[in-house]
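Asks: This is the structure, below, for whatever I ask next.
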Amino acid sequence: ADEVKPLKTKKLEEIHAVSVGWIDNDICNISETIKFLCGQNIFVHIFLSNKMMLKKVPYLKELKKIYPNYLIIKTGVFGDELKNEISKYHLGISPHQTHETYEKLHYKSSYYANCSSNRVVDFISYDLVNLTSKKYIYTNHIINKFGGKKIFYEDFFLYKDNLKKIIKSKYDNNKDNNKYQKNKNFFNDELKSLKLLNFIKSNFKNNLPV
């Protein structure tokens, strides 16, 4: 497989956003997010696990008709191929553009506040700006801890004319960039495998086959 590494320098002539994983018509609806991004000439890449999801998320086809040049929908892209794709982009979309329904979720509201998802780690790992919410306590802790970049949904829709400029400015923060460079190996798959192998060798060497 191709080697996958976070890019040291992002090309910022064009801005690209990306969504991976689950989206739907309910709490994981990102239709307004797509409209807002495409409306400012920002490319939006949607990676779906299979074509059946297009039937479950009908607004994608409708928005594709409106923004044929800026909305890109792909299915069946996984593993290193997916990682190499998203590493080129700038803004990672988490699918919670509205939060007024959280109070109706009871225990789930605590779940969303105190848990996170793999996509957030992918976005940090490949130096994307995480589009998140101030209500995501643990997610934001992870982003801050590893020098990741973020824009809050609570502010996102206020950037009606200057969203590209805001995203580009996130790559000018030397403090966060230095912190990211220091911690990026935490997400390196090869390094993690070597650490695990060394741990097994050092702790279970008497039980390993010769």
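Asks: If N25 satisfies every condition in (1) buried (at least 19 other Cβ atoms within 10 Å of the Cβ); (2) over 17 Å from the mean Cα position of the chain (by Cα); (3) not hydroxyl-bearing (S, T, Y) but one, which is the exception?
Replies: (1)
Asks: Here's a check for you: in the stretch 112-128, which residue that is open to solvent by less than 20 Å² (accessible area, probe 1.4 Å) and of a type in the set (V, I, T) is farthest from H90 (Cα to Cα)?
Replies: Among those that are open to solvent by less than 20 Å² (accessible area, probe 1.4 Å) and of a type in the set (V, I, T), it is V120.
Asks: So which residues in the stretch 134-147 are open to solvent by less than 40 Å² (accessible area, probe 1.4 Å) and either among the charged types (D, E, K, R) or more than 18 Å from P95 (Cβ to Cβ) (or both)?
Replies: Residues satisfying the conditions are F146, G147.
Asks: Mind listing whichever residues of the stretch 135-155 are of a type in the set (K, R) and modelled with pLDDT under 90?
Replies: Those that are of a type in the set (K, R) and modelled with pLDDT under 90: K135, K145.
Asks: Here's another thing I want to ask about it. Among the residues in the stretch 34-51, are any open to solvent by 70 Å² or more (accessible area, probe 1.4 Å) and at pLDDT below 90?
Replies: yes
Asks: Could you give every pair whose Cβ atoms fall below 7 Å, whose first residue belongs to the stretch 23-34 and is part of a loop (DSSP other than H, G, I, E, B), and whose second residue is of a type in the set (V, I, T) and surrounded by fewer than 17 Cβ atoms within 10 Å (Cβ to Cβ), counting only separations of at least 6 or pairs across chains?
Replies: So the pair list comes out as I27/T101.
Asks: Among (1) over 16 Å from the mean Cα position of the chain (by Cα); (2) part of a helix (DSSP H, G or I); (3) closer than 21 Å to V129 by Cβ, where does E62 come up short?
Replies: Among (1) over 16 Å from the mean Cα position of the chain (by Cα); (2) part of a helix (DSSP H, G or I); (3) closer than 21 Å to V129 by Cβ, the lone unmet condition for E62 is (3).
Asks: Listed residues L91, L158, L131; which is loosely packed, with under 12 Cβ neighbours inside 10 Å, closer than 23 Å to H16 by Cα, of a type in the set (A, V, I, L, M) and modelled with pLDDT of 90 or more?
Replies: L158
Yes or no, residue by residue, for (1) more than 17 Å from the chain's Cα centre (by Cα); (2) polar (S, T, N, Q); (3) at pLDDT below 95:
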residue: L54; (1), (2), (3): yes, no, yes
residue: I66; (1), (2), (3): yes, no, no
residue: D80; (1), (2), (3): no, no, yes
residue: S125; (1), (2), (3): no, yes, yes
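The values are calculated or read from the model by the stated rules, or taken from the named source; none is laboratory data. Quick caveat: nothing in here was measured; it's all calculated off a predicted structure. Neighbour counts are summed over all protein chains in view; Cβ atoms, including those assigned to glycine, are modelled from backbone coordinates with ideal geometry. Each accessible area value is taken on the protein alone, full model and side chains, heavy atoms only, with ligands, DNA and RNA left out. Shrake-Rupley method; radii C 1.70, N 1.55, O 1.52, S 1.80 Å.
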